[in-house]
Amino acid sequence: MSTIETLAQKLAADTLKVQDATGEERLYMEVSEVLGAASQSLEEAFLTEMRVRLAERKARAFLNSKVNAAKAKIASRAPEND
């Protein structure tokens, strides 16, 4: 893995932690602007990392909602043992 990829991964992970803690959903765009002024290559790698991580979160939330819905459906069909 290249230095740029390694730095982008670490920065993306840290940015997500701060975003989660502060509720600033677009903080990564501000970080990207700072990066862009210094290194376009690192900015691009960072944005790729952020997009992938945010997409994974959305997909995981979707899957979790599907699993929860399926569990609720199964539970509602289960006969009560009284």
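Every number here is computed from the coordinates shown, using simple stated rules; none is lab data. These numbers come from a predicted model, not from an experiment. Neighbour counts run over all protein chains shown; Cβ positions are idealised from the backbone, glycine included.
Within the chain, the selection of entire DSSP H helices by a Cα span of 24 Å or greater along the long axis and an average Kyte-Doolittle value of at least -1.0 returns 3-22, 40-77.
For the range 1-30, the list of trypsin sites (Lys or Arg not before Pro) that fall in a loop by DSSP and count at most 15 other C-beta atoms within 10 angstrom reads Arg26. Length gained on full extension, Ala78 to Lys10, computed as 0.36 nm times the residue gap minus the Cα-Cα distance: 19.9 nm. Between the residues Tyr28, Pro79, Ala45, the greatest Cα displacement towards the positive end of the dipole of the chain, with unit charges on the Cβ of Lys, Arg, Asp and Glu, is found for Pro79.
Across the chain, counting alpha-carbon atoms alone, Rg and Dmax equal 19.2, 68 Å. Charges were assigned to the Cβ only: +1 to each Lys and Arg, -1 to each Asp and Glu. The resulting dipole of the chain about its Cα centre is roughly 540 debye. Applying the criteria of a DSSP loop state and at most 10 other Cβ atoms within 10 Å to the GluC sites (Glu not before Pro) of the chain yields Glu25, Glu80. Label-to-label distance, Arg51 versus Leu63, with points set 7 angstrom from Cα along the beta-carbon direction: 2.1 nm.
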